[in-house]
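The values are calculated or read from the model by the stated rules, or taken from the named source; none is laboratory data. Quick caveat: nothing in here was measured; it's all calculated off a predicted structure. In this analysis, Cβ positions are derived from the backbone assuming ideal geometry, glycine residues included, and neighbour counts consider all displayed protein chains.
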Amino acid sequence: MSFIEKILHKPSYGWKDENGNLIVPTGKQLWKEMLTRINIFRSRKNWISLLALVMIASMTPFLVLFITKYFSWPLMIAIVLYAMIIMGTHGTIWFHRYCTHKAYRFSSPVWRFITQHLVIKTLPEEIYVVSHHVHHAKSDEPGDPYNARAGFWYCMLAEFNHQRIAEGLSEAEYKKASGFMRHTGVWINSYSQYQKWGSIAHPIYTIATWLLNWAAWYAILYFIGGHALACAIFSAAMLWFVLVRAFNYTGHAKGEEKHVDGLDFDRSNLAINQTRPGLFTGEWHNNHHLYPGSARAGFLRYQLDPAWMFIYCMHKIGVVSSYHDSKKEFLRKYAAVKAEASLPQH
């Protein structure tokens with residue numbers, strides 16, 4: 001078994017059967033697995049899986065207050081813009097292109113910290129980063145933690161069921177796994193701490209940064225627009241936090257072959273380029289799978305990439321010291337296919 005195949009905690013139903021075929025669990029199996037994974041009384045190592053549920057539960061009062069007390073259409077517009085554009089673009093900039101793929105570098109740890117906290121915190125870096133490396137290595141194959149072929153709920157519950165690192169890694173294996181995270185500034189556990197907590201990130205750091213981030217953002221939003229604005233924007237963060245899981249399903253065409261000639265050039269997986277995620281957040285997903293280490297994913301003429309625009313502007317003012325851009329290589333290899341002719345309809 002290769003390192004990438006053993007780095008994630010295997011669910012009770014397994015990744016594949018004895019013939020190497022993907023195991024598609026039933027809904028009952030998925031929910032049972034989730035309840036097991038968040039049971040902190042069964043094992044303290046379940047803390048990082050439980051944290052996602054605690055975050056969602058903690059955001060619910062903001063949503064209830066917004067609906068029952070502060071609702072207005074201008075604030076609804078703010079919720080949509082914050083959830084779909086600001087949170088989505090930050091997710092691409094921070095979790096996807098920096099934390100996972102190191103597509104650019106910061107000139108100072110201070111700028112890295114500021115970028116990390118540009119929005120309301122909803123997701124521990126570890127849960128995203130390690131599993132995303134596995135996703136790229138095994139896209140749409142057994143072992144992919146959010147394999148769209150296994151269905152909608154397989155993807156939606158992946159954060160609880162499939163994305164935690166495995167227990168029982170050797171010291172050398174843990175060192176290699178934690179190497180995925182060292183550039184992010186996250187407080188990394190020692191090997192003995194990993195054996196105790198079952199995670200790369202220390203729980204004190206993870207929980208403290210979450211609470212401090214929320215306190216700072218609520219204070220800022222309250223100063224700008226009172227409780228109404230604060231409740232609205234925290235509701236928007238909750239909306240993104242829940243719905244972003246669905247992108248792992250739709251971004252891989254719901255587990256079906258739906259590539260478009262002249263648009264989706266990587267046929268080694270099911271990833272597709274979708275107009276809305278692309279234009280709103282820079283998530284041209286098929287392009288990204290083709291060049292995962294690129295700070296830009298919008299390669300064609302109409303493919304606006306707000307995440308790349310942010311990174312490029314930060315480079316111009318010295319916040320970002322360097323970046324990798326694969327656009328020239330993409331055009332050199334694929335320009336013969338005249339894909340710029342018309343905007344794709346999805």
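What single numbered condition from (1) outside any helix (DSSP H, G or I); (2) touching a Leu at 6+ places or on another chain (Cβ under 7 Å); (3) not β-branched (Val, Ile, Thr) fails to hold for Ala177?
With (1) outside any helix (DSSP H, G or I); (2) touching a Leu at 6+ places or on another chain (Cβ under 7 Å); (3) not β-branched (Val, Ile, Thr) applied to Ala177, the lone miss is (1).
For Ile4, are the conditions met, namely being at pLDDT below 95 and part of a helix (DSSP H, G or I)?
In short, yes.
Please list, ordered by first then second residue, the pairs with beta carbon atoms under 6 Å, 6 or more apart or interchain, first in the range 9-38 and more than 14 Å from Tyr154 (Cα to Cα), second small (Gly, Ala, Ser).
His9/Ala166; Arg37/Ser49; Ile38/Ser49
Just give me the residues in the range 209-239 being touching a residue at least 40 places away in the same chain (Cβ under 8 Å), surrounded by 16 or more Cβ atoms within 10 Å (Cβ to Cβ) and either farther than 21 Å from Ser58 by Cα or not hydrophobic (A, V, I, L, M, F, W, C) (or both), in sequence order.
Hits for the range 209-239 are Thr209, Asn213, Ser235.
Has the range 66-77 got at least one residue that is closer than 26 Å to Cys231 by Cα, in contact with a Leu (Cβ under 8 Å, 6 or more places away or on another chain) and in contact (Cβ under 8 Å) with a residue 24 or more places away in the chain?
yes
Could you list all residues from the range 273-302 that are in a loop (DSSP other than H, G, I, E, B) and farther than 22 Å from Lys102 by Cα?
Gln274, Leu300, Arg301, Tyr302
Six or more apart or on different chains, Cβ atoms under 8 Å: show the pairs whose first residue is in the range 147-176 and within 23 Å of Lys45 (Cβ to Cβ) and whose second is among the aromatic types (Phe, Trp, Tyr) and in a loop (DSSP other than H, G, I, E, B).
Filtered contacts from the range 147-176: Tyr154/Tyr146; Ala158/Tyr146; His162/Tyr146; Gln163/Tyr146.
Give me the pairs, please: first residue somewhere in the range 240-266 and free of Cβ contacts under 8 Å to residues at least 12 places away in the same chain, second residue anywhere and in a loop (DSSP other than H, G, I, E, B) and crowded, with 19+ Cβ neighbours inside 10 Å, beta-carbon distance under 9 Å, and either six or more positions apart or on two chains.
Sorted first by the residue in the range 240-266, then by its partner, the list stays empty.
Any idea how many residues of the range 11-44 are assigned to a loop (DSSP other than H, G, I, E, B) and under 18 Å from Ser199 (Cα atoms)?
Going through the range 11-44 one residue at a time, the tally reaches 7.
Might you check whether a residue that is of a type outside the set (Ser, Thr, Tyr), assigned to a loop (DSSP other than H, G, I, E, B) and under 19 Å from the mean Cα position of the chain (by Cα) occurs anywhere in the range 193-200?
There is at least one residue in the range 193-200 that is of a type outside the set (Ser, Thr, Tyr), assigned to a loop (DSSP other than H, G, I, E, B) and under 19 Å from the mean Cα position of the chain (by Cα).
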